[in-house]
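For reference, the structure discussed in these notes is given below.
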Amino acid sequence: MEFRAETRYLRVSPQKERLVLDLIKGHPVEDARNTLAFTKKRVAAHVGKLLQSALDNVNYLAAEKNLDVDIDNLYVKHAIANDGPRMKRIRPAPQGRAYRYQRRIAHIELVLAERGKNGEVAATVESEEPVAAPAKAKRRAPVAKKSAGKKKAAAK
């Protein structure tokens, strides 16, 4: 089972956000919370709130749908930061000109999933059709190059 949380229109560059998200991808939830608490990036606080929101979603859905979810087995399966709309701004420049710049906005998506009993990822339902192995390509022998013939002398 997967549990999601999303933040939209966050006033931070997605590039800066990805630096923090890469620290917690694939880690257990408790380790991710500790990492975010001691990260010296401004966006770490926003990601911490988002992680807490995802945990609240886990608790709510577990109570609502009578799911048996062990919070100790949860890990951060998927964490991405996408571009949002950009705000175009103008800055004064020398000699009466104006320079344009863009304020970037990020949308963040966080997905938590539960690991199995032995630490492996819980199986998801996939198609029952077996995937065919790629066929081996037959190699051809290299073709020998033809030698260039003598050029005829040009008539003068």
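The values are calculated or read from the model by the stated rules, or taken from the named source; none is laboratory data. Because the structure is predicted, anything quoted here is derived from the model rather than measured. Note: ideal-geometry Cβ built from the backbone for every residue, glycine included; neighbour counts use all protein chains shown.
With respect to Ala45, is the statement that it is farther than 16 Å from Glu109 by Cβ and buried (at least 16 other Cβ atoms within 10 Å of the Cβ) true? In short, no. Can you pull out the residues in region 1-46 that are at pLDDT 95 or above, aromatic (Phe, Trp, Tyr) and at negative phi? Correct list: Phe38 only. Restricting attention to region 56-80, which residues are assigned to a helix (DSSP H, G or I), closer than 14 Å to Ala32 by Cα and in contact with a helix residue (DSSP H, G or I) (Cβ under 7 Å, 6 or more places away or on another chain)? Once the filter is applied, which keeps residues that are assigned to a helix (DSSP H, G or I), closer than 14 Å to Ala32 by Cα and in contact with a helix residue (DSSP H, G or I) (Cβ under 7 Å, 6 or more places away or on another chain), region 56-80 yields only Ile71.
Beta carbons closer than 7 Å, at least 6 apart along the sequence or on distinct chains, pair a first residue in region 1-20 that is under 20 Å from Ala54 (Cα atoms) with a second that is assigned to a strand (DSSP E or B) and basic (Lys, Arg) for Glu2/Lys77. Among the residues in region 92-99, are any within 15 Å of Arg4 (Cα to Cα) and either outside any helix (DSSP H, G or I) or over 21 Å from the mean Cα position of the chain (by Cα) (or both)? Looking through region 92-99, none of the residues is within 15 Å of Arg4 (Cα to Cα) and either outside any helix (DSSP H, G or I) or over 21 Å from the mean Cα position of the chain (by Cα) (or both). The set of residues in region 36-55 being more than 19 Å from Phe3 (Cβ to Cβ) and either of a type outside the set (D, E, K, R) or in a strand (DSSP E or B) (or both) consists of Ala37, Phe38, Thr39, Val43, Ala44, Ala45.
Can Ala54 be described as surrounded by 12 or more Cβ atoms within 10 Å (Cβ to Cβ) and of a type in the set (Gly, Ala, Ser)? Here the answer is yes, as Ala54 does meet what is asked. Evaluating Ala133 against the criteria (1) among the hydrophobic types (A, V, I, L, M, F, W, C); (2) modelled with pLDDT under 90; (3) closer than 30 Å to Ala32 by Cβ leaves one unmet condition, (3).
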